[in-house]
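So the structure is just underneath, and the comments pick up after that.
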Amino acid sequence: MRYDKLIFVACAALGLASTPLDAQAPRGAQTPKPTTARTADGHPDLSGTYDVATMTPLERPAGVDRLVVTKEEADAAETYEAQRQIKNDAPLDPNRDAPPVGGENTTPKSYLEFLEKLGGGVVGGYNHFWLAEGNKLITVDGQKRSSIVIDPENGKIPKMKAEAITRNAALRAVSVNPAANEGAASAGPAGAFDGPELRPLAERCLLGFNSTSGPPTLPNYFYNNLKQIVQTPTQVMIVNEMVHDARIVRIGAEHLPKSVRKWMGDSVGHWEGDTLVVDTTNFTSKTQFQGASENLHIVERFTRVDPKTVLYRFTVEDPTTWDRPWTGEYPWNATSEKLYEYACHEGNYSLENMLRGARAKEAEDAKKTGKQ
């Protein structure tokens, strides 16, 4: 999903796009601070539960030309989002007017507002009781960031190659978007509702949407913001609260043969000093991160920068999709919250009802055309 046309909360009013700023973010990874938290084999202990809720988008919004925002800009953006969420959580007036014909038609003023409208369309999406959105921008090296993407310098995912656009268009013509959200955009071509196996993995509660499972593993932006790391000398497990995806990283191992493909790829890890480096290949066409192909290659770097923070950095490469690799990073902040099992829609009753609805529509269409 691309977010090129989003408005960065309240910052436009403060002249974010035109205000110069001398102190730009460093190009390298954040410098680790001394910590005694190490495992028995001498490596930094990354184990723990982390909250990655944030209002910072993956890509830099249109009109924002800098990675680092000033304190004043950040305060304005975060205050707006916090107040908006308080308003959304407040009880509704039972005597309020009916919504406008055709549904809500207000223009989103923030990234999260845009996502809410995208998720529910003009008729509205989740009741805000279910949402646990972030109301802070990500902070790296003490600096507030306008995007997770840090390279290219414009904060944008590189333009997709023509061959990749053609490839994806052909795929969409015969199958459902495997990384689809829970919205109408996941409807797919004719026959997409013929059986449950044709629906997207996320819709079937088999894999988290928007790459929450990874790699790269990204924030969800709506709810279920927790990630957990369980570390041993030979394996590291990364568990995501969203859809309860669990990825196993084999330390010091070799990649599986190319004939063995996995939804989340084949992840092997090694230590470079105090940084855990995870190399993932062997993806399938069913989990196309940002439209990538089976040639997708992800390198992740986990660095404990202080006792409560792990800096997560990832580099995405696929020469059949983009002309160049691109990189993003954001902090994982330790939390004492518990990570519970995500049951999704238990029993997939929603999926059953969707298929029932498709059969009902087919019957109605047959009556209109006189076919039985």
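The values are calculated or read from the model by the stated rules, or taken from the named source; none is laboratory data. Only a predicted model underlies this, so the values are computations on that prediction, with no experimental measurement involved. FYI the Cβ positions are ideal-geometry reconstructions off the backbone, even for glycines, and counts take in every protein chain you see. Just the protein is used for accessible areas: all its heavy atoms, side chains included, with ligands, DNA and RNA removed. Shrake-Rupley method; radii C 1.70, N 1.55, O 1.52, S 1.80 Å.
Scanning the range 88-107 for residues that are within 21 Å of ASN135 (Cα to Cα) and of a type outside the set (Asp, Glu) yields ASN88, ALA90, PRO91, THR106, THR107. Taking first residues from the range 311-339 that are within 16 Å of GLY265 (Cβ to Cβ) and aromatic (Phe, Trp, Tyr) and partners that are in a strand (DSSP E or B) and open to solvent by 60 Å² or more (accessible area, probe 1.4 Å), the Cβ contacts under 9 Å between residues at least 6 apart in sequence or on separate chains come to PHE314/ARG301. The residues of the range 204-230 that are in contact with an Asp or Glu (Cβ under 9 Å, 6 or more places away or on another chain), open to solvent by 30 Å² or more (accessible area, probe 1.4 Å) and among the polar types (S, T, N, Q), listed by number, are ASN224, GLN228. Annotation note: of GLN83, GLN143, the sole residue that is modelled with pLDDT of 85 or more, open to solvent by 80 Å² or more (accessible area, probe 1.4 Å) and within 30 Å of THR309 (Cβ to Cβ) is GLN83.
Could you say whether any residue in the range 289-312 is polar (S, T, N, Q), assigned to a helix (DSSP H, G or I) and in contact with a Ser or Thr (Cβ under 9 Å, 6 or more places away or on another chain)? Within the range 289-312, one or more residues are polar (S, T, N, Q), assigned to a helix (DSSP H, G or I) and in contact with a Ser or Thr (Cβ under 9 Å, 6 or more places away or on another chain).
Would you call THR212 under 13 Å from the mean Cα position of the chain (by Cα), without any contact (Cβ under 8 Å) to a residue 40 or more places away in the chain and outside any strand (DSSP E or B)? The answer is yes for THR212. Each residue in the range 281-304 was checked for being open to solvent by 20 Å² or more (accessible area, probe 1.4 Å), more than 14 Å from LYS262 (Cα to Cα) and modelled with pLDDT under 95, and 1 pass.
Within the range 151-163, can one find any residue that is part of a loop (DSSP other than H, G, I, E, B) and modelled with pLDDT under 90? No, every residue in the range 151-163 fails to be part of a loop (DSSP other than H, G, I, E, B) and modelled with pLDDT under 90.
Yes or no: the range 88-96 includes at least one residue that is of a type outside the set (Ser, Thr, Tyr), in contact with a Phe, Trp or Tyr (Cβ under 6 Å, 6 or more places away or on another chain) and outside any helix (DSSP H, G or I). No, every residue in the range 88-96 fails to be of a type outside the set (Ser, Thr, Tyr), in contact with a Phe, Trp or Tyr (Cβ under 6 Å, 6 or more places away or on another chain) and outside any helix (DSSP H, G or I).
Quick check on GLU300: is it among the acidic types (Asp, Glu) and closer than 15 Å to VAL52 by Cβ?
Yes: the conditions hold for GLU300.
Within the range 249-280, restricting attention to residues that are under 24 Å from the mean Cα position of the chain (by Cα), under 22 Å from ASN295 (Cβ atoms) and among the hydrophobic types (A, V, I, L, M, F, W, C), the residue that is most open to solvent (accessible area, probe 1.4 Å) is TRP263. Of the listed requirements (1) open to solvent by less than 80 Å² (accessible area, probe 1.4 Å); (2) assigned to a helix (DSSP H, G or I); (3) not aromatic (Phe, Trp, Tyr), LYS361 misses just one: (1).
Kindly evaluate GLN143 against the criterion of being without any contact (Cβ under 8 Å) to a residue 60 or more places away in the chain and among the polar types (S, T, N, Q). The answer is no for GLN143.
Results for (1) within 23 Å of ASN154 (Cβ to Cβ); (2) not aliphatic (A, V, I, L, M), shown as yes or no for each residue.
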{"residue": "THR39", "(1), (2)": "no, yes"}
{"residue": "LEU46", "(1), (2)": "no, no"}
{"residue": "TYR50", "(1), (2)": "no, yes"}
{"residue": "THR56", "(1), (2)": "yes, yes"}
{"residue": "ARG60", "(1), (2)": "yes, yes"}
{"residue": "VAL64", "(1), (2)": "yes, no"}
{"residue": "GLU73", "(1), (2)": "yes, yes"}
{"residue": "ALA76", "(1), (2)": "yes, no"}
